[in-house]
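Input: a single structure, listed below in structure tokens.
The values are calculated or read from the model by the stated rules, or taken from the named source; none is laboratory data. Small disclaimer: the values here were computed from a predicted structure and weren't measured. Virtual Cβ from ideal backbone geometry, glycine too; neighbours counted across all protein chains shown.
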């Protein structure tokens, strides 16, 4: 619907439904940070959510030039989740390698006796 000045009429936005993109980024950062710590023991899933959390934190920081509130907590949790995920991936790879070595050693031992 147009008014008298040929301007397009826009519905007013209520404060209840209005969220800025920066608030969405801070919420996403916090959610991804929590998921990265919670799923860090699984390795890859924690790593994925940690990377997503760090990307959202960078978007928030680009908007406001510093992290604050939920975005800061989410960034810290994403860092913790990243470290935990990398540690678990290294642990799983080492366990796999040790298992293969022990399996080969047991096989060779069985062939001699």
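Where the second residue is surrounded by 12 or more Cβ atoms within 10 Å (Cβ to Cβ) and part of a loop (DSSP other than H, G, I, E, B) and the first is without any contact (Cβ under 8 Å) to a residue 24 or more places away in the chain and on the phi > 0 side of the Ramachandran plot and lies in the stretch 63-76, which pairs have Cβ atoms under 9 Å and are six or more apart or on separate chains?
That search, which allows pairs on different chains as well, returns nothing.
Looking at residue 70 and the list (1) touching a helix residue (DSSP H, G or I) at 6+ places or on another chain (Cβ under 6 Å); (2) within 30 Å of residue 95 (Cα to Cα), which single condition is not satisfied?
(2)
A quick yes/no check of all residues on (1) outside any helix (DSSP H, G or I); (2) at pLDDT 90 or above; (3) in contact with a strand residue (DSSP E or B) (Cβ under 6 Å, 6 or more places away or on another chain); (4) surrounded by 12 or more Cβ atoms within 10 Å (Cβ to Cβ):
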position: 50; (1), (2), (3), (4): no, yes, no, yes
position: 63; (1), (2), (3), (4): no, no, no, yes
position: 75; (1), (2), (3), (4): no, no, no, yes
position: 86; (1), (2), (3), (4): no, yes, no, yes
position: 99; (1), (2), (3), (4): no, yes, no, no
position: 107; (1), (2), (3), (4): no, no, no, no
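Identify, by number, the condition in (1) surrounded by fewer than 16 Cβ atoms within 10 Å (Cβ to Cβ); (2) closer than 20 Å to residue 33 by Cα that residue 79 doesn't meet.
Residue 79 satisfies every listed condition except (1).
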